[in-house]
Amino acid sequence: MRKEELLSLIRPALVAKPYLPHDAASATPSAVLIIIHYHCNSHIPRVFLTKRSPALKSHKGEISFPGGRYIDNDGILLTTALRETQEEIGIAFHPHQVAGSLRAVRTMTSNHFIVPFVTLQHKLPEHRIAANEVEAVIDVPLIETLESIEPDTEHYRLAKDAFKFTYDGNVIWGATARILKQLYDVLIRPS
C-alpha cells in the first residue's frame, strides 16, 4: 500500500483538533507520535514502536509509541509528541510533517490521556535511543501487525474493548493497542 493510498484511508479518522475528552481534567495529558514510514521497502508501510526501559517507574518494558507527558513549556500537545520523540529516539520532526491526530485514549492504570499524532514518511534518518527511557526500537510492518489483532483477556479480563497485537514475540497491549485499533478500523476493517 503506497503512502498516498494509506494517507487517504487514514485522513477521515484524523480529528480536526486534538482536544481531550470531557473527563481529561482529572488525568495527565500526554502525546505520542505514530511514525509510519516506507524506509525498507517503498510499498510496505512500517511503524516505529519502542520497548520502554525496564528502569522506568511506570509501564516498564511495555511496547509503546514514542511520546510522553505534556509539560507547560510545550504549549500544545503536538509539541509534546515531537519533543518526546526527539528525546527518546533522536529523530526530529516538524509540525508540518504531522498529518493530524487520532482520537485520544486513556490509560487504564496510570491515569493518562494520550493524543496520538500521525506522520507518514518515505525515509527516516538513523534513530538514536535514549537508553534511560527506551530499551529498543521495534520497527514493525504496519498491516501485518494490525492483522494480528486478538481480544486481550490476559491483561483485561472484563474490558470489552481490550485488544492486543503481536509481532516477532512482542505483545502490544493497553493504550498502544487501543491506538493501533483505530488504525485497524480504517485500514483493515473499514465500516
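The values are calculated or read from the model by the stated rules, or taken from the named source; none is laboratory data. This is a predicted model, so every value here is computed, not measured. All Cβ positions, glycine included, derive from the backbone under ideal geometry; neighbour counts span all protein chains shown. Surface areas here come from the heavy atoms of the whole protein model, side chains and all, with no ligands, DNA or RNA. Shrake-Rupley method; radii C 1.70, N 1.55, O 1.52, S 1.80 Å.
Would you be able to tell me the number of residues in segment 65-86 that are surrounded by 15 or more Cβ atoms within 10 Å (Cβ to Cβ), among the charged types (D, E, K, R) and under 20 Å from Leu49 (Cβ atoms)? Can you show your working first?
Filtering segment 65-86 down to residues surrounded by 15 or more Cβ atoms within 10 Å (Cβ to Cβ) leaves 65-68, 70, 74, 77-86.
With the extra rule that they be among the charged types (D, E, K, R), the set shrinks to 74, 83-84.
If we keep only those that are under 20 Å from Leu49 (Cβ atoms) as well, we get 83-84.
Of the residues in segment 65-86, 2 are surrounded by 15 or more Cβ atoms within 10 Å (Cβ to Cβ), among the charged types (D, E, K, R) and under 20 Å from Leu49 (Cβ atoms).
Phe113 fulfils the conditions (1) touching a Ser or Thr at 6+ places or on another chain (Cβ under 9 Å); (2) in a helix (DSSP H, G or I) except for a single criterion, (2). In this structure, Thr166 qualifies as in contact with a Ser or Thr (Cβ under 7 Å, 6 or more places away or on another chain) and free of Cβ contacts under 8 Å to residues at least 40 places away in the same chain. All conditions in (1) among the charged types (D, E, K, R); (2) part of a helix (DSSP H, G or I); (3) in contact (Cβ under 8 Å) with a residue 40 or more places away in the chain; (4) in contact with a helix residue (DSSP H, G or I) (Cβ under 7 Å, 6 or more places away or on another chain) hold for Glu87, with the sole exception of (4).
For segment 21-53, the set of residues classified as crowded, with 18+ Cβ neighbours inside 10 Å and either hydrophobic (A, V, I, L, M, F, W, C) or modelled with pLDDT under 85 (or both) consists of Ala31, Val32, Leu33, Ile34, Ile35, Ile36, Val47, Phe48, Leu49, Arg52, Ser53, listed by residue number.
Can you tell me which residue among Ile138, Ile143, Ile149, Ile179 is touching a residue at least 24 places away in the same chain (Cβ under 8 Å) and open to solvent by less than 20 Å² (accessible area, probe 1.4 Å)? Criteria check complete, one pass: Ile179. Based on what the data block shows, is His59 at pLDDT below 85 and under 16 Å from the mean Cα position of the chain (by Cα)? Considered against the rule, which asks whether it is at pLDDT below 85 and under 16 Å from the mean Cα position of the chain (by Cα), His59 comes out as yes.
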